[in-house]
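Chemist: Input: one structure, supplied below.
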Amino acid sequence: MEIRVKQGSITDERVDLIVVNLFQGVTEPGGATGSVDAALDAAVRDVIAAGDFTGRAGETLLLYTHSALPAARVLIVGLGEPGKFGPAAARNAAATSVRKARDLGARTIASVVHGAGAGGLATEAAAQMLAEGTLLGTYRFQGYRSTVPHDWKPNPDTFTVVEANAQRVAACETGVARGVAIATGVLLARDMVNEPANHMTPAMVAGLATELAAELGLTVQVLDQEQMAALGMGILLAVATASEQPPRFVILEHNAGREDLPVVVLAGKGVTFDSGGISIKQSEDMWRMKSDMAGGAAVIGAMAVAARLDLSLHVVGLVPLAENLPGGRAQKPGDVFTGMTGKTMEVISTDAEGRMLLADTVAYAGRFKPAAVVDIATLTGAQAVALGPQAAAFFANDEDLAAKLVAAAEASGERLWRMPLYEEYAEAVKSQVADVKNSTGRTAGIGTSAKFIEHFTEGYPWAHIDMASMAWSDEDKPAQPKGATGYGVRLFTALLEGWGRK
Ligand code: BES
Ligand code: MN
Ligand code: ZN
């Protein structure tokens, strides 16, 4: 879908459907909605007066113009209570209206920006939310069906953002460009996570990252098993030994070699399928473990956004990729492996594989002399039990980095909740035969996994995000259809964009 910006009056647009909005409680609509009402002989005020449309968030009203306007249909989207309005509400209003327009078979749509007037959003932010909501809401995974489902209407071809005020057009253009760049990164992550594991193998992920780098001017390096072995990544490699799919280690860089810029490393768990290995998972819902590379997908999506927005930081994206299967060469509980730092680890559960990948990944991150390292992973079922799909958990060994993450979560709407890194957890991860062990039983399952990863960090500010509950959604939300969510891309974008700010 093409999104363009145009100066003019929405009532002049000759398209299949125009979109305007209404806050809850408004009885005398102004602005573009007022113009539509005037053109339609007070039809909007009549519907409001009858109580048939209240402007609640998620509510839409469809009106026919009977040739009073060049567009045959007008959709009015509710923006909810003004006191509860913000960027998320603007994004959702855009998603709700474009999905409704698609259901109606509209192929050309024109819309005003939501919330830049009475809503109090800056024009640029409102335009960004309009683009984000439009693209995130109409996302569908194409998949491998031999026929298109009968209820799938095609996505609109063009979406025109119409701004009446000539002074605001430039801000609309900037906002739309930002929204498109960010949403494109989210959609890439969703596609990668929705793909079945027999297609989205470690080599395939690495191939996609390589293509993306060529397209966007990122620097890329892909390490194979031998190169990882030469680096001493014995803990990471232990996860991959039973699979016929060879592991990969992706290193993406934006602004590589710019020594004047601070280095921020993003590291994402890339387990393309997690069967649990010898400590095998129960088969019910095991298919969903194709989403166990969602952290890696978030990092790749965020690298794409960093390149498209040309952020002024040296950003490094690290994605360790492996498939966790049982087999004759598989790692076993009780095995001991040595990682890149020389520290040793005992396997208690082969299903605690994510922290094994991350152990050697955060160790590798040290060579960039980073200002910060943030890893992200679908790491523990315990995180999902603790927070549910409402928020990811995070841990940080540095207050400034923690504050930056809290601010990024707030700005992006991708929620985070901080958890403690108690010293006592270090005791729990001690092993009888090695420096640490990869599982400690049910108590403090999230905290001990974070402590395990911290053990392999090398003196830089570090944070760990456990997004186990956030990768996949069973619920259909306006800007987030069922399935892979693309969680993390917007969060990382906000983190990187806010880096210089205090
Ligand atoms: N990938 C899983 C965590 C997970 C579970 C993500 C459910 C999303 C939904 C991870 O590798 C895992 O298996 N973790 C184990 C760790 C345990 C063995 C210490 C868990 O949480 O049960
Ligand atoms: Mn596992
Ligand atoms: Zn896993």
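Chemist: In debye to the nearest 20, how big a dipole does the chain give about its Cα centre with +1 on each Lys and Arg Cβ and -1 on each Asp and Glu Cβ?
Modeler: On the way: 43 positive and 56 negative charges, 65 e Å.
Dipole about the Cα centre, nearest 20: 320 debye.
Chemist: Still on this model: Going down the list 343/437; 269/404; 6/153; 281/343, which pairs span over 23 Å between their C-alpha atoms?
Modeler: 6/153; 281/343
Chemist: Also: Once the other residues with Cβ under 15 Å from the Cβ of residue 176 are scored (Lys, Arg +1; Asp, Glu -1), what is the net sum? Walk me through the numbers before you get to the answer.
Modeler: Working: positive: 4, 6, 91, 168, 178, 308; negative: 2, 124, 132, 163, 173.
Neighbourhood net charge equals +1.
Chemist: Let me ask you something else. Residue 274: net charge of surrounding residues, Cβ under 10 Å, Lys/Arg +1, Asp/Glu -1, itself excluded?
Modeler: Numbers: positive: 269, 281, 288, 290; negative: 292, 323, 351, 353.
Here the count lands on 0.
Chemist: Still on this model: Could you work out how far helix 399-412 tilts from the main Cα principal axis of the chain, as a 0 to 90 degree angle to the nearest 10?
Modeler: Approximately 30 degrees, to the nearest 10.
Chemist: Cβ under 11 Å from residue 228's Cβ, residue 228 left aside: what net charge do those residues give with Lys, Arg +1 and Asp, Glu -1?
Modeler: Details: positive: 248; negative: 224, 226, 360.
The answer is -2.
Chemist: Say a site is exposed when it is one of the GluC sites (Glu not before Pro), sits in a DSSP loop, and has at most 10 other Cβ atoms within 10 Å; what is then the longest site-free stretch of the chain? Mind showing how you got there, number by number?
Modeler: Working: sites that count: 244, 259, 284, 423, 475.
My reading of the result: 1-243 is the longest stretch.
Chemist: Ok, one more. Starting from the exponent 0.38 and prefactor 2.2 Å, build the expected Rg for the stretch 1-102 from its residue count and divide its actual Cα Rg by it. Walk me through the numbers before you get to the answer.
Modeler: Working: Rg = 13.0 Å, N = 102, 2.2 N^0.38 = 12.8 Å.
So the stretch 1-102 has a normalised radius of gyration of 1.02.
Chemist: Relative to the longest principal axis of the C-alpha atoms of the chain, give the angle of the C-alpha long axis of helix 445-454, reported between 0 and 90° and rounded to the nearest 10°.
Modeler: 70 degrees
Chemist: Return the Rg/Rh ratio of the chain with Cα-based radii and a Kirkwood Rh.
Modeler: Working: Rg = 24.4 Å, Rh = 23.8 Å.
Rg/Rh: 1.03.
Chemist: Would you please give the FRET efficiency between residue 281 and residue 54, computed as 1/(1 + (r/R0)^6) with r the Cβ-Cβ distance and R0 = 30 Å, to the nearest 0.05?
Modeler: Numbers: r = 47 Å, r/R0 = 1.56.
My answer for the efficiency is 0.05.
Chemist: On to the next question. Can you tell me the orientation of helix 169-194 relative to the chain, as the angle in degrees between its alpha-carbon axis and the longest Cα principal axis, to the nearest 10?
Modeler: 40 degrees
Only the coordinates and a few stated rules stand behind these numbers; no lab work does. Model, not experiment: these values are computed from the prediction. All Cβ positions, even for glycine, are placed from backbone atoms using ideal geometry, and neighbour counts span all protein chains on display.
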